[in-house]
Amino acid sequence: MSFDPIAQGLSLLNRFAGAEWVHKYGVYDTAQKVAYNGSREGFKVAAAVARQFKAVKKLASPSRLPTADRAAGLFDLSLTDEQSMVRDMAQRFSREIVREAAEASEKECKAPEDFAESFAELGLAQFAVPESLGGAAAESWEVTQALVCEDMAHGDMGLAVAALTPVGVANALARWGSADQQARYLPEFAGDNPPAATVAVNERAPAFDPFALKTRATVGGDGYLINGEKTMVPLIDGAELFLVAAELVGSGPVLFLLEAGTEGLSLELEATMGARAGRFGTLKLDNVQVPQSALLGEEVGAVDYKEFIDRSHLAWAGLAVGTCQAVLDYVKEYCNERVAFGEPISHRQAVAFMIANIAIELEGMRLLLWRAASRAEAGKDFHREAYLAHVLCLEKGMEIGTNGVQLLGGHGFTKEHPVERWYRDLMAIGVMHGGPLL
Amino acid sequence: MYLETPKKFIPLVEQAHRVAQEVFRPISRKYDLAEHEYPRELDLLASLMDGMNEGGEISAGAGKLKREDRKKDGGVRNGSNLSTVLGLAELCWGDVGLALTIPRQGLGNSAIAAVANEEQLKKFDRCWAAMAITEPASGSDSASISATAIPDGDHYVLNGEKIFVTAGDRANVVVVWASVDPSAGRAAIKSFVVEKGTPGMRLERLEHKLGIKASDTATLIFEDCRVPKENLLGSPEVQTEKGFGGVMQTFDNTRPVVAAMALGVGRASLERTRALFKKAGTDANYEGSYFNVSAVEAELYKMEADLEAARLLTVRAAWLADNGIPNSMEASMAKAKAGRVANHITLRCVHLCATMGYTETELLEKWSRDSKILDIFEGTQQIQLLVVARRLLNKSSKDLK
C-alpha cells in the first residue's frame, strides 16, 4: 500500500483534535473514553462476585403467582388503589432521582453508585417474589409493572433498564423457575440488596430473530455445554446472574441461569446509541458447562419462550411510552415558550399538529400496552396483543423521537436539550429483546 | 383495568354483527350501484332495532347517546356511549352507507338525546332525525353559519340553505342549526327540530358521491319556515360562549360514534385482505419477528396495530362519556386516529390485493371509497387536530387558529 500523506495528516489532526477535546472538557470525559473506546482491549472474565446464592429454605413445589382477574366484566380503565400508590411512588422516584441523574449517567454509561440501592429501597422487586419466599407478591402484577416501566423511563430509559432488568429476572424465576431455583435465587431479590441480574437474548446479526438463536446448547457432561455470543446485554459488568437464551439443539430456544464466575463466561462493554445508562455489553460463552439445574424450569418445555419474548417486548413498549411522554411534556412547554415571527411557535398549526399527533399516537401506544398487560395479569392469552403493542411502539416511538427533535429545530440537535437523547433512546425499542420483562 | 368488550354487551355485538353479515353485506353492492334508491330492506331492521333500544342501555345506532353523571358510589358504568360505539362498529363492518341510513338512528337523534328536555324527548321519541349544520359557505367553521331563526310570536322563522344533510330526505325531522340573532355571534347559534312537511322547507337536491352511496345526502332550503318555539333544543337564552359550547358538546358524544364507523370499515378491509392472503398462502399469524416476516405481513401487522390503537382510543372516549368524565380531547383523538387509519387501511388493502382490490368483484374498492368521508364529516382530521392541540397546549381559538 502506498503512503498517502493527506490521509496521514488527517489522521494526525484527528488525534490532536481528540486530545484537545479531552483537555478542554477534563477528566470526566477522559474516563468515559477509557471506559468505552479503551474497552476495545478485549474481553475480560466475568468475575465471580462475593454473593453466594444458596437456598435458605426448601420448597416442595414451585410457587406461582395466581392471576389477578379483577374483572367485573365491565370495560374499565381505572387503576386499583395499589396500582395508583405504586405509580405515585415510581413517578416521584423517577422525577427526583432518575431524571436528575439521566444526563450524567448516560455520559458515563453507568447508573450512579447508589442508584441500585435507592431503587431497592422502593421495594418493587418484592412484588415479584412470592410471600412464601420472603417477598410481598400475592398475585400477578403486569399492569403495575407496565406503569412502572412508563414512569421510570419518563425519567430516563437507560436508568429504567438498569433498575428493571433485575426485576425481570425475578419475574422469570417466579413464573418458570423450579422449586430449587426459586429457593436459591428469589429470596435474594426480596432482600435489601437484590442481586444485579440480567437477561441476554440478542445476537449480532442483521434482522436478528430471537427465535433463531446461534448460541447453542448441547446435552453433554451432566448437563449442557453452551457456546455463543450475546450482544446488548444490560448491566453487563456488574451482573451477578445472567439469564441467557440459547438454542437447545434438537429442542428449540431455552433459558439458562448462569452465575457470574461460571467458567467460560467473558464480557466486553459495548457503546450503544442510546439508553446508555443500561450499561450494555457483549457476553461470550466459550464452552460453558452447566448442570441440568441451570436450565430455567429444569425441564425442557418448562419455559414458554415465546411468552418470555412477549413479556420483554411489553417492558420495552412501556419504556417507549414513558420516554414518549417525556418528549410530549417537553415539547409542549418548549413550543409554548419559543417565540418566532412575534408569537409562540405553538400558535402555528404546522407545529401544533405535530404535537397533537405525538399525543394521539402516544395514547394509542399506551392503550395497546395496557390491554396486553391486563390480559397477561388476568391469565388470558396475550401474544397477539403484545405483538401489536410492540409493533406500534417501535414504529411510533421512532416517529415521536424524531419529531421531538424536529420541534426544537437546531436546538433539538444539541445536548442543551434532552430531546436528542430521547431520539437515540427510542430507537432501542425496535432493536432490543430481553433486558427488562414483565 | 379491564380492556375487553364488556360481558353484558357481547350479545349486542354479536347481534349487530349478524345484522351486518346477513342484512347489509348481501345488499352492499346493490345500493352502491343504485345511488339514491331507498334500501327497503332496512325498514324491517329498524323496527327490530327499536325493540332493542327499548331494552334499556342496549342500542346499536347513534340514537340514544346520553351524557352520564359520575356514578355516586364511585363505581364504573358501561352505558349507551360504549354500547353504541361497539354496535355501530359491527354494523359498519357490514356497510357504512347502510348503517347511516337505518331509520330512526340518525345523528340528529343523538343531538336530541343529548340536549332535549323531557317533553321534547317524548315528542320526538319515534322520529328519524337528520342533522343540518353545514352551509355552502360554512363547513368546518360551524360558528360562521348564516342561517337565521328569528323569533316571531310563538315561532322562530328559519331562513337559509343547508348542505350535506345525511338522510335529509329520508328522515322525518331535521335538527337545524341557525342563529337567533346574527349580531350576537356564535352564542346565538341554536338548534331546532324541524318536522318534515313544515311549510317553507324543501329538498333542493341529493348529492352524487364518492362513497357511502346507500346513504342520501341532501341540500335543504328554508324559506320563512316557521318552527314552534318548543322545538328549540337547549336554552333559548343568548348567553356568552357557553351557549355555543353546549351545542358543540354534542360532538363529544358523536365523534366517538363516527370513529366507531371507521373502525368497522377498516376492520372489514383488513379481515378480507388477510383472508385473501391466507388463501394464497400467506398467513399473518403473529409468528416470526417483525423484521423477518414478509413485507406484506409486516404491513398487515402495522395496520392492525394502528386499528387496534384507534379502537381503544374510541372505546376510551365512549367510556369517559359514560362515566361523566370530560372527554372533548379524547373524543377528538379517537376521531382523528380512527378516521385516518381506516382510510389508510382501506386504501392500502386495495394495493395489497391488486386487481382483486380494484375491481368490483370484491367490496375492497368500495370500502376504500366509503372510508374517505369518515375522515371528513363530524369534524375533519384537521379540525380534530386543532381541538386536541388547543387542549394540550392550553390555547384559545384566537391564539391557535
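The values are calculated or read from the model by the stated rules, or taken from the named source; none is laboratory data. Note that the coordinates shown come from a computational prediction; the quantities given were computed from them, not determined experimentally. Methodologically, a virtual Cβ is constructed for each residue, glycine included, from the backbone with ideal geometry; neighbour enumeration extends over all protein chains shown.
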So, first residue farther than 22 Å from A:Leu235 by Cα in region A:279-297, second residue of a type in the set (D, E, K, R), Cβ within less than 7 Å, six or more apart or across chains; the pairs are A:Pro291/A:Asp222; A:Gln292/A:Asp222; A:Gln292/A:Glu298; A:Ser293/A:Asp180
It is to be established whether one or more residues within region B:203-220 are within 30 Å of B:Ser397 (Cβ to Cβ), modelled with pLDDT under 95 and either touching a Gly at 6+ places or on another chain (Cβ under 9 Å) or surrounded by fewer than 17 Cβ atoms within 10 Å (Cβ to Cβ) (or both).
no
The number of residues in region B:294-308 that are facing chain A (nearest Cβ under 10 Å) and either among the aromatic types (Phe, Trp, Tyr) or not in a helix (DSSP H, G or I) (or both) is 1
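Considering region A:347-398 alone, what residues qualify as being among the aromatic types (Phe, Trp, Tyr), farther than 16 Å from B:Ala334 by Cα and touching a Leu at 6+ places or on another chain (Cβ under 9 Å)?
Here is the first cut: in region A:347-398, the residues among the aromatic types (Phe, Trp, Tyr) are A:353, A:370, A:382, A:387.
Still in the list and also farther than 16 Å from B:Ala334 by Cα: A:370, A:382, A:387.
A:Trp370, A:Phe382, listed by residue number.
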Checked against (1) more than 14 Å from chain B (Cβ to nearest Cβ); (2) in contact with a Phe, Trp or Tyr (Cβ under 8 Å, 6 or more places away or on another chain); (3) at pLDDT 95 or above, A:Glu188 satisfies every condition except (3)
Yes or no: region B:329-342 includes at least one residue that is under 18 Å from B:Thr84 (Cα atoms) and of a type in the set (Ser, Thr, Tyr).
yes
Exactly one of B:Ile325, B:Ile345 is crowded, with 20+ Cβ neighbours inside 10 Å and on the phi < 0 side of the Ramachandran plot, and that residue is B:Ile345
Turns out the helices (runs of 4 or more DSSP H) fully within region B:71-148 with at least 3 residues that are within 14 Å of chain A (Cβ to nearest Cβ) are B:80-94
Taking region B:379-401 and the residues there that are in contact (Cβ under 8 Å) with a residue 40 or more places away in the chain and facing chain A (nearest Cβ under 10 Å), the one that is surrounded by the fewest Cβ atoms within 10 Å (Cβ to Cβ) would be B:Gln382
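Residue-by-condition table, conditions (1) assigned by TED's automatic domain parsing to the domain that holds A:Gly221; (2) among the acidic types (Asp, Glu); (3) surrounded by 24 or more Cβ atoms within 10 Å (Cβ to Cβ):
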residue	(1), (2), (3)
A:Glu270	yes, yes, no
A:Ala275	yes, no, yes
A:Leu283	yes, no, yes
A:Asn287	yes, no, no
A:Ile309	no, no, no
A:His313	no, no, yes
A:Trp316	no, no, yes
A:Val331	no, no, yes
A:Pro344	no, no, no
Worksheet item: Are any of the residues in region A:270-290 closer than 24 Å to A:Met427 by Cα, within 16 Å of the chain's Cα centre (by Cα) and among the basic types (Lys, Arg)?
Response: yes
Selection from region B:106-141 of residues among the polar types (S, T, N, Q) and either within 18 Å of B:Gly211 (Cα to Cα) or in contact with a Lys or Arg (Cβ under 9 Å, 6 or more places away or on another chain) (or both) yields B:Asn109, B:Ser110, B:Thr134
Note: among B:Ala149, B:Ala113, just one is in the same structural domain as B:His208 (by TED's automatic domain parsing), in contact (Cβ under 8 Å) with a residue 12 or more places away in the chain and surrounded by 19 or more Cβ atoms within 10 Å (Cβ to Cβ), namely B:Ala149
Filtering region B:323-366 for residues that are more than 11 Å from chain A (Cβ to nearest Cβ), part of a helix (DSSP H, G or I) and hydrophobic (A, V, I, L, M, F, W, C) leaves a count of 10
Apart from one, (1) modelled with pLDDT of 95 or more; (2) closer than 25 Å to A:Ala372 by Cβ; (3) crowded, with 24+ Cβ neighbours inside 10 Å all hold for A:Trp176; the odd one out is (3)
Listed by range, helices (runs of 4 or more DSSP H) wholly within region A:12-108 having at least 1 residues that are of a type in the set (D, E, K, R), over 21 Å from A:Glu270 (Cβ atoms) and at pLDDT 90 or above are A:81-93, A:99-108
Within region B:270-285, the residues that are within 13 Å of chain A (Cβ to nearest Cβ) and at pLDDT 95 or above are B:Leu270, B:Arg274
